[in-house]
Amino acid sequence: MIASVRVGAARAGAIFLLVLFVFFASQAQQPDSASVIAKVDGAAKFRFDRLASYSVTEHYAVYRGKDETHPAAEMTVRTEYRKKTGKSYTVLSQSGSGLILKHVLGAILDREKEVNRPGIREHSWFISANYEMKLNPGGVQRIDGRDCFALAISPWHKIPNLIEGTLWVDAKDGNIVRLEGHSLESPTIFTGAAQLMRQYADMNGFGMATRATAVSDSFLFGRTTVTIDYRDYQIQLAPSK
């Protein structure tokens with residue numbers, strides 16, 4: 001009888017220790033919002049300070065309706081980003097509907113040029129100055145092979161090019177891993193506000209886009225899907241201070 005009581009007590013003690021271990025492990029994996037947001041802000045500042053320029057080849061494809069196998073238009077551009085001047089584009093090839101090339105893809109590139117001008121680009125960064133950010137419950141999530149935290153983001157001000165949705169950031173350094181949400185304004189007059197998805201990869205310590213999808217509806221074009229694939233990054237770092 002005494003032996004069975006001792007065994008029961010030992011089991012209860014072991015279960016109690018296991019519960020404590022799980023509790024403290026979950027607490028260790030669930031930091032407060034402020035610390036995660038501080039990492040996100042720090043990653044954005046590090047990117048701006050250290051990224052002098054980069055070039056990347058971007059392939060755009062536009063699909064009409066539910067057909068996402070035969071693009072109505074395609075364009076490949078070489079994008080050049082320079083910290084002092086912003087973005088510029090060189091069209092390498094294009095095919096398909098001239099109307100879509102001009103009024104959809106051309107408008108997207110024009111918008112990207114505008115929002116990446118010095119003095120303007122800072123207002124669209126994913127930082128706490130531009131967005132209200134709230135850490136989603138659930139602790140660490142595995143996204144694209146990386147430990148991440150999810151943040152619900154909502155712009156402080158309803159201005160063009162800002163997004164409402166969810167941002168997944170690397171748990172170690174705050175770099176962006178994935179974005180999902182919807183734009184507050186249409187990038188062109190021919191498409192409606194878009195549902196967005198963008199994936200990022202770590203390159204030289206920066207979160208760089210690798211794949212993006214935008215799905216929108218409009219009275220003129222109906223359902224329109226735009227995909228962007230990014231490849232051949234060439235990154236130039238600024239001298240460290």
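The values are calculated or read from the model by the stated rules, or taken from the named source; none is laboratory data. What you see is a predicted model, and the numbers here were worked out from it, not measured in a lab. All Cβ positions, glycine included, derive from the backbone under ideal geometry; neighbour counts span all protein chains shown.
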#### Entry: Selection status of residue 139, touching a strand residue (DSSP E or B) at 6+ places or on another chain (Cβ under 9 Å), at positive phi and assigned by TED's automatic domain parsing to the domain that holds residue 225
yes
### Task
Would you confirm whether any residue within region 25-40 is in a helix (DSSP H, G or I), modelled with pLDDT of 55 or more and of a type in the set (Ser, Thr, Tyr)?
yes
### Query
So, of the residues in region 157-174 that are in contact with an Asp or Glu (Cβ under 6 Å, 6 or more places away or on another chain) and of a type outside the set (Val, Ile, Thr), which turns out to be farthest from residue 37 (Cα to Cα)?
160
### Query
How many residues, within region 121-180, are at pLDDT below 95 and among the hydroxyl-bearing types (Ser, Thr, Tyr)?
1
### Task
May I ask you to list the residues in region 91-100 that are under 25 Å from the mean Cα position of the chain (by Cα) and under 17 Å from residue 218 (Cα atoms)?
none
### Query
Is region 52-73 home to any residue that is of a type in the set (Phe, Trp, Tyr), buried (at least 16 other Cβ atoms within 10 Å of the Cβ), over 28 Å from residue 168 (Cα atoms) and more than 16 Å from the chain's Cα centre (by Cα)?
no
### Message
Under 8 Å between Cβ atoms, which residue pairs at least 6 apart in sequence (or on different chains) link something in region 147-168 that is part of a loop (DSSP other than H, G, I, E, B) with a partner that is surrounded by 16 or more Cβ atoms within 10 Å (Cβ to Cβ) and among the small types (Gly, Ala, Ser)?
### Response
161/124; 161/183; 162/124; 162/183
### Query
Applying the selection to region 99-124, what residues are surrounded by 16 or more Cβ atoms within 10 Å (Cβ to Cβ) and assigned to a loop (DSSP other than H, G, I, E, B)?
116
### Task
Working only within region 83-98, note down all residues that are over 14 Å from residue 112 (Cβ atoms) and in contact with a Ser or Thr (Cβ under 9 Å, 6 or more places away or on another chain).
83, 84, 92, 93, 94
### Message
One residue is enough: does region 95-109 have a residue meeting the conditions of a type in the set (D, E, K, R) and either out of contact with any strand residue (DSSP E or B) (no Cβ under 9 Å at 6 or more places or on another chain) or not assigned by TED's automatic domain parsing to the domain that holds residue 216 (or both)?
### Response
yes
### Query
Take the residues of region 206-241 that are among the small types (Gly, Ala, Ser) and surrounded by 15 or more Cβ atoms within 10 Å (Cβ to Cβ): which is farthest from residue 62 (Cα to Cα)?
207
### Message
Looking at 131, 81 in this structure, which one is within 19 Å of residue 211 (Cα to Cα) and in the same structural domain as residue 35 (by TED's automatic domain parsing)?
### Response
81
### Task
Give region 151-164 a look and list any residue that's touching a Leu at 6+ places or on another chain (Cβ under 7 Å) and surrounded by 15 or more Cβ atoms within 10 Å (Cβ to Cβ), or say none.
151, 153, 155, 162, 163, 164
